[in-house]
Ligand SMILES: NC(=O)C1=CN([C@@H]2O[C@H](COP(=O)(O)OP(=O)(O)OC[C@H]3O[C@@H](n4cnc5c(N)ncnc54)[C@H](OP(=O)(O)O)[C@@H]3O)[C@@H](O)[C@H]2O)[C@@H](O)CC1
Ligand SMILES: Nc1ncnc2c1ncn2[C@@H]1O[C@H](COP(=O)(O)OP(=O)(O)O)[C@@H](O)[C@H]1O
């Protein structure tokens, strides 16, 4: 599991070391880490001696890191060129560069093969306008953060130079894990500068492969179908029958004992045609150990009745429930209160539009806040909703944010924009349901972690599917099987 800290927290962690007079040592350690990554990138492309490395240098400490890194690179024989973006540069760093034989230029030289972005780090406020990067630059390495990324949220207020690699100091920053910041950062490498004892609790985390696969573990040798997990699916309608197939297919592909479908004839027939193993009927009676409700349900009286039936079944059995799509427009505060009282784990899986509608209906006093933060700070939006409604919220988007009522938050970035196609959210709902329905043989995982594991599997399957070209949601379940087969 990866852990990230806000830029603010990292700055506070640096404070005792700065107060102890260790600022210069910290900077040199950070810069040496940056130079090491740059050397590796250069060596992968040819000899270091004789190559030209340029750095865009801001006036703060981020620029100081870049200047020191250039000085180390100059001593390895590279032509090291600082390009200031303001009137001043970090004095000690500049002196080090000059001592090493580096130079200062007004523009990035046309023959530069590698560019260090050392303009803004954790001290950035608002946006900036980067200069044009010459075409010959083969690699961009960001110093601490791509300049202009908000280290606390990942929001990019202005423009950004997309990095191939970001070398970040002290700890992963939240801004490198969320939204535009995660997208601009490229591959992220962390350089330890000794902040560990001062960092405290992480702001958020992200599941890695093994964490997610532990949730979707294979059955135990003596499992039977009911012990592996039975998922109830209340999805699809006469108008949107396909959603029922997508939810059931992805759940089956993730490895469950049984999928039970509750819905109208036309949708049930489609499900059975695709998966004769599904147990289908009009109502909720059966052996489900968790339910997914919502995809393709519609908004008519029948949808209301069907959702009410599932909520009753979950309340009666204390069963976990995933509410997605139409169900997010239908569920009431009273429903959520009853589920909570019955001890049910509840996961809401809105995209941004659904989150805003949900806020408007259920927490009108918070609507303005949610509208303000939803786009630029999805973590705050998901956390706010999870806290207000006392449920786990999985907020979909380029970064999927899973937040628990106590604030614990996991973010996943595995999928790409190829996932932005109708019905992939239905597949995700099936995977979240599967994570909640399955019997845990090892250490029990908190609900928020199960939701994040489903997001990891969904995103990774999306990436696998995209390798073969554009795809539709019905392709995802086979990619889910592919991912799980590579355990
Ligand atoms: N502390 C340490 O010992 C260590 C710190 N480390 C490094 O320091 C970095 C933080 O350094 P920092 O605090 O100097 O801030 P930094 O990100 O360089 O930028 C602030 C400068 O830019 C300016 N500015 C702000 N926004 C702007 C905008 N939109 N457009 C244009 N200008 C803008 C702002 O000027 P102002 O507007 O305030 O006059 C200020 O001068 C951190 O990311 C890491 O790389 C490592 O070496 C480890 C040890
Ligand atoms: N730009 C993107 N990058 C990565 N994933 C995305 C992007 N856009 C959408 N997704 C993912 O695609 C899925 C879409 O879900 P949703 O909007 O509910 O679709 P539907 O309701 O049609 O099934 C979500 O899992 C979301 O996180």
Report summary line: Selection from the stretch 184-210 of residues at pLDDT 95 or above and out of contact with any strand residue (DSSP E or B) (no Cβ under 9 Å at 6 or more places or on another chain) yields 209, 210
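Residue-wise test of (1) assigned by TED's automatic domain parsing to the domain that holds residue 193; (2) within 14 Å of ligand 1 (Cβ to nearest atom); (3) more than 30 Å from residue 110 (Cβ to Cβ).
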| position | (1), (2), (3) |
| --- | --- |
| 139 | yes, no, no |
| 146 | yes, yes, no |
| 152 | yes, yes, yes |
| 156 | yes, yes, no |
| 159 | yes, yes, no |
| 170 | yes, yes, yes |
| 173 | yes, yes, yes |
| 179 | yes, no, yes |
| 182 | yes, no, yes |
Report task. Among the candidates 386, 382, 398, single out the residue that is surrounded by fewer than 18 Cβ atoms within 10 Å (Cβ to Cβ) and at pLDDT 95 or above. Result -> 398
Requested in this report: For the stretch 41-60, indicate whether the set of residues that are closer than 14 Å to residue 123 by Cα, at pLDDT 95 or above, away from ligand 2 (no atom under 16 Å from the Cβ) and surrounded by fewer than 21 Cβ atoms within 10 Å (Cβ to Cβ) is non-empty.
Outcome: yes
Query raised in the report: When you look at residue 439, is it more than 16 Å from ligand 1 (Cβ to nearest atom) and over 27 Å from residue 319 (Cα atoms), yes or no?
Result: no
Query - Residue count for the stretch 374-415, restricted to those that are closer than 22 Å to residue 343 by Cα and either touching a strand residue (DSSP E or B) at 6+ places or on another chain (Cβ under 6 Å) or not assigned by TED's automatic domain parsing to the domain that holds residue 328 (or both) - result: 12
Requested in this report: May I ask you to verify whether residue 200 is part of a helix (DSSP H, G or I), outside the structural domain of residue 382 (by TED's automatic domain parsing) and closer than 23 Å to residue 382 by Cα?
Outcome: no
Report summary line: Checked the stretch 277-308 for anything surrounded by fewer than 18 Cβ atoms within 10 Å (Cβ to Cβ), under 35 Å from the mean Cα position of the chain (by Cα) and not in a strand (DSSP E or B); matches are 277, 287, 299, 300, 304, 305, 308
Query raised in the report: Just wondering, is there one or more residues in the stretch 242-252 that are outside any helix (DSSP H, G or I), at pLDDT 95 or above and more than 16 Å from ligand 1 (Cβ to nearest atom)?
Result: no
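Just to verify a result, which residue in the stretch 444-456, among those that are away from ligand 2 (no atom under 11 Å from the Cβ) and in contact (Cβ under 8 Å) with a residue 60 or more places away in the chain, is farthest from the chain's Cα centre (by Cα)?
The residue in question is 445.
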**Report entry** For residue 429: the one exception among (1) part of a helix (DSSP H, G or I); (2) modelled with pLDDT under 95; (3) crowded, with 18+ Cβ neighbours inside 10 Å
**Finding:** (2)
Requested in this report: Go through (1) free of Cβ contacts under 8 Å to residues at least 40 places away in the same chain; (2) within 13 Å of ligand 1 (Cβ to nearest atom) and name the single condition residue 101 misses.
Outcome: (2)
Requested in this report: Scan 190, 137 and give me the residue that is under 20 Å from residue 39 (Cβ atoms) and part of a loop (DSSP other than H, G, I, E, B).
Outcome: 137
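The values are calculated or read from the model by the stated rules, or taken from the named source; none is laboratory data. Just so it is clear, the model here is predicted, and its values are computed rather than measured. Heads up, the Cβs are rebuilt from the backbone with ideal geometry, glycines too, and the neighbour counts pull from every protein chain shown.
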